[in-house]
1. How many nm separate the modelled label positions at Asp181 and Leu111, each set 7 Å beyond the Cα in the direction of the Cβ?
2. I'd like the carbon and sulfur percentage of the solvent accessible area for region 118-178, probe radius 1.4 Å, heavy atoms only, ligands and nucleic acids excluded.
3. Lys and Arg at +1, Asp and Glu at -1: add these up for the other residues within a Cβ distance under 10 Å of Tyr120 and post the number.
4. May I ask you to rank Thr114, Thr174, Thr186 by accessible area, largest first, using a 1.4 Å probe over the protein chains only?
5. For a protection proxy built on the mean count of beta-carbon atoms within 10 angstrom, sort 151-164, 76-89 highest first, please.
6. Compute the signed sum of charges (Lys and Arg +1, Asp and Glu -1) over the other residues within less than 12 Å, Cβ to Cβ, of Val74.
7. Using a simple spin-label model with points 7 Å from Cα along the Cα→Cβ vector, what separation in nm is obtained for Leu145 and Asn69?
8. Check which residues have an amide H placed less than 5 Å from Gln173's amide H, if you skip close sequence neighbours.
Amino acid sequence: MPDNNFEDQVLGWVQKKKRIDGLFSTNTQLEPLVKGSEFEKILTHLECFGDNFAYLNSRRLKGSVMTINSEADVQDLLFVMLKPSFPTLTFEDPGAKAAASFAIKDLYFPLSKTVLEAKYVYESKDVKSVEKQLHDDIMKYSANLDCEAIIFFIFDPNFSLSDRRTFVQKMTQTKGQFMRDGREITITTIIRPE
């Protein structure tokens, strides 16, 4: 008798599983949350950075879950935010050798050949250094065939960049504006918080 009861339970589970599987059959088209190219989806996700950071720092009475005091902290939060939606995302990906040195990309999306480079600006004295790093990164990454887009994500918690609009315009190149070895490289700059 116990065997029949167990078999009935198993048959019941199998039938329930088939009904659930039927809800998600290959005939069902589930719309993605964010439409467009992988590059567009990355940009959409980056818009949520402030919300994610605010949530981590206000959800418990005991204080912040994460503080951002360095570029590495920015990289970590970006990686944790993006990895679930972009499973091929790699962290600190060594790129092809260019000019006798390796280009270590902070975050790399191989499907769209997009480099995401995180920067941290704490004081106004950091601005010149970050601007030089961006120029160097553009030359370094654009020399590699595995790069078609560069996104600079700058975390500036103290609003040290005084003219953000001009900075973003200067450091952003839409498709066709920046060419390297006959290839178009898209360069996008995002500064947070706004």
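1. With each label placed 7 Å out from Cα toward Cβ, I get 2.6 nm.
2. Values: 1660 of 3180 Å².
On region 118-178, the fraction of accessible area on carbon and sulfur atoms equals 52 percent.
3. Numbers: positive: Lys119; negative: Glu71, Asp73, Asp126, Asp156.
Here the charged neighbours net out to -3.
4. Working: Thr114 0, Thr174 80, Thr186 25 Å².
My answer, sorted largest first, is Thr174, Thr186, Thr114.
5. Numbers: 151-164: 17.3, 76-89: 15.6.
Highest to lowest by the protection proxy: 151-164, 76-89.
6. On the way: positive: Lys119, Arg192; negative: Glu71, Asp73, Asp76, Asp106, Glu117, Asp156.
With Lys, Arg at +1 and Asp, Glu at -1, the neighbours total -4.
7. Those two pseudo-labels are separated by 4.4 nm.
8. Hits under the 5 Å cutoff: Ile187, Thr188.
The values are calculated or read from the model by the stated rules, or taken from the named source; none is laboratory data. In this text, all values refer to a predicted model and were calculated from it rather than measured experimentally. Neighbour counts are summed over all protein chains in view; Cβ atoms, including those assigned to glycine, are modelled from backbone coordinates with ideal geometry. Surface areas here come from the heavy atoms of the whole protein model, side chains and all, with no ligands, DNA or RNA. Shrake-Rupley method; radii C 1.70, N 1.55, O 1.52, S 1.80 Å.
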